[in-house]
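The values are calculated or read from the model by the stated rules, or taken from the named source; none is laboratory data. The structure presented is a predicted model; accordingly, all values stated were derived computationally and were not measured. Heads up, the Cβs are rebuilt from the backbone with ideal geometry, glycines too, and the neighbour counts pull from every protein chain shown.
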Amino acid sequence: MEGAKTSDRWDAELDAAERLIRSRGTEGWSLADLAEHAGVSAAGLEAEFESEWGVFSRVICRDEERWERAIREAPQSDASERVMRLLEACVPGVDWTFWIELWSLALRDDRARGLREELDQRFRALVEEIVQDGVDSGEFAVTDVRSVAITIATLIDAMALQATLGDTTVRPNYMLDACVTVASALLGTQLSLPQLDE
């Protein structure tokens with residue numbers, strides 16, 4: 001029971017940190033601000049996370065773990081459906097605030113650079129795994145699996161950045177349509193395009 005309380009408290013603290021980061025960025029708040037928002041002591045937060053960077057890195061890692069778990073734990077299907085599930089998981093809400101903050105920090109901070117590389121490698125590896133499965137099953141006609149995976153992952157990153165910044169052209173339906181069109185061409189198959197509500 002104590003472990004559950006600790007986990008619940010941890011999640012509540014990270015939820016409060018998410019709200020602060022979305023509204024103030026990574027450098028516009030302090031552990032004291034977070035303590036006030038989360039209803040806990042600043043000393044307790046410092047003992048748990050050590051610094052604002054410790055909080056931010058945990059927030060983005062938790063966000064990525066949730067996203068990856070949703071992709072991996074979905075019912076098993078063919079590789080085409082898994083690509084579509086991945087693309088659709090990147091679009092709803094199209095809020096990559098944490099990634100934009102991380103990319104910005106990575107320009108001048110070694111810790112952020114290292115975390116960015118680690119998370120990008122995990123994302124690209126997941127895309128590569130799905131593409132390789134499609135090649136192995138005969139669904140995809142791809143000769144350079146790694147290059148295709150990097151291209152798909154990078155396209156998602158670029159379009160999600162524009163959508164998160166509020167670009168009125170790169171709206172969810174456009175983003176998904178473009179990603180499906182490019183992925184279909186790269187994979188040598190026609191992916192089925194669902195419709196999103198605008």
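Here's the yes/no breakdown for (1) under 21 Å from Gln121 (Cα atoms); (2) assigned by TED's automatic domain parsing to the domain that holds Ser137; (3) surrounded by 17 or more Cβ atoms within 10 Å (Cβ to Cβ); (4) touching a Pro at 6+ places or on another chain (Cβ under 8 Å):
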| position | (1), (2), (3), (4) |
| --- | --- |
| Ile152 | yes, yes, yes, no |
| Leu155 | yes, yes, yes, no |
| Ala158 | yes, yes, no, no |
| Leu165 | no, yes, no, no |
| Thr168 | no, yes, no, no |
| Asn173 | no, yes, no, no |
| Val180 | no, yes, yes, no |
| Ala185 | no, yes, no, no |
| Gly188 | no, yes, no, no |
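Being of a type in the set (Ser, Thr, Tyr) and assigned to a helix (DSSP H, G or I) is the filter; apply it to the stretch 141-189 and report the residue that is farthest from Arg82 (Cα to Cα). Break it down stepwise before answering.
Narrowing the stretch 141-189 to residues of a type in the set (Ser, Thr, Tyr): 143, 147, 151, 154, 164, 168-169, 174, 181, 184, 189.
Going one step further and asking which of them are assigned to a helix (DSSP H, G or I), we end up with 147, 151, 154, 164, 174, 181, 184.
Details: Ser147: 18, Thr151: 17, Thr154: 18, Thr164: 24, Tyr174: 20, Thr181: 16, Ser184: 13 Å.
Top of the filtered list is Thr164.
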Can you tell me how many residues within the stretch 166-193 are closer than 25 Å to Thr97 by Cα and in contact (Cβ under 8 Å) with a residue 24 or more places away in the chain?
9
Taking interchain pairs and intrachain pairs at least six residues apart, which have beta carbon atoms under 8 angstrom, with the first residue in the stretch 1-16 and assigned by TED's automatic domain parsing to the domain that holds Ser57 and the second among the charged types (D, E, K, R) and at pLDDT 85 or above?
Leu14/Arg58; Leu14/Arg62
Output the helices (runs of 4 or more DSSP H) that fall wholly within the stretch 34-101 and possess 3 or more residues being over 21 Å from Asp8 (Cα atoms) and touching a Gly at 6+ places or on another chain (Cβ under 8 Å), or say none.
79-90
I'd like the full set of residues that are modelled with pLDDT under 90 and of a type in the set (Phe, Trp, Tyr), limited to the stretch 30-81.
Phe49, Trp67
Output the number of residues of the stretch 36-54 satisfying the condition of being among the small types (Gly, Ala, Ser) and surrounded by fewer than 14 Cβ atoms within 10 Å (Cβ to Cβ).
5
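Just give me the residues in the stretch 18-33 being under 16 Å from Leu105 (Cα atoms), assigned to a helix (DSSP H, G or I) and within 18 Å of the chain's Cα centre (by Cα), in sequence order. First the steps, then the outcome.
So the first thing to find is which residues in the stretch 18-33 are under 16 Å from Leu105 (Cα atoms), and the list is 21-22, 24-29.
Still in the running and assigned to a helix (DSSP H, G or I): 21-22, 24.
Correct list: Ile21, Arg22.
For the structure I just gave you, tell me whether Glu129 is part of a helix (DSSP H, G or I) and either modelled with pLDDT under 90 or among the charged types (D, E, K, R) (or both). Break it down into steps so the answer makes sense when it comes.
Details: part of a helix (DSSP H, G or I): yes; either modelled with pLDDT under 90 or among the charged types (D, E, K, R) (or both): yes.
When the stated conditions are applied, Glu129 passes them.
Got at least one residue in the stretch 133-140 being outside any helix (DSSP H, G or I), outside the structural domain of Arg58 (by TED's automatic domain parsing) and in contact with a Leu (Cβ under 9 Å, 6 or more places away or on another chain)?
Residues of the stretch 133-140 outside any helix (DSSP H, G or I): 137-140.
Keeping just the survivors that are outside the structural domain of Arg58 (by TED's automatic domain parsing) gives 137-140.
Still in the list and also in contact with a Leu (Cβ under 9 Å, 6 or more places away or on another chain): 139-140.
Within the stretch 133-140 (the criterion being outside any helix (DSSP H, G or I), outside the structural domain of Arg58 (by TED's automatic domain parsing) and in contact with a Leu (Cβ under 9 Å, 6 or more places away or on another chain)), the answer is yes, since at least one residue qualifies.
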Only one of Asp63, Asp120, Asp95, Asp78 is surrounded by fewer than 14 Cβ atoms within 10 Å (Cβ to Cβ), in contact (Cβ under 8 Å) with a residue 12 or more places away in the chain and within 16 Å of the chain's Cα centre (by Cα). Can you tell me which?
Asp95
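Just to be sure, is Ser147 surrounded by 13 or more Cβ atoms within 10 Å (Cβ to Cβ) and more than 18 Å from Trp53 (Cα to Cα)?
Details: surrounded by 13 or more Cβ atoms within 10 Å (Cβ to Cβ): yes; more than 18 Å from Trp53 (Cα to Cα): yes.
For Ser147, the condition - surrounded by 13 or more Cβ atoms within 10 Å (Cβ to Cβ) and more than 18 Å from Trp53 (Cα to Cα) - is met.
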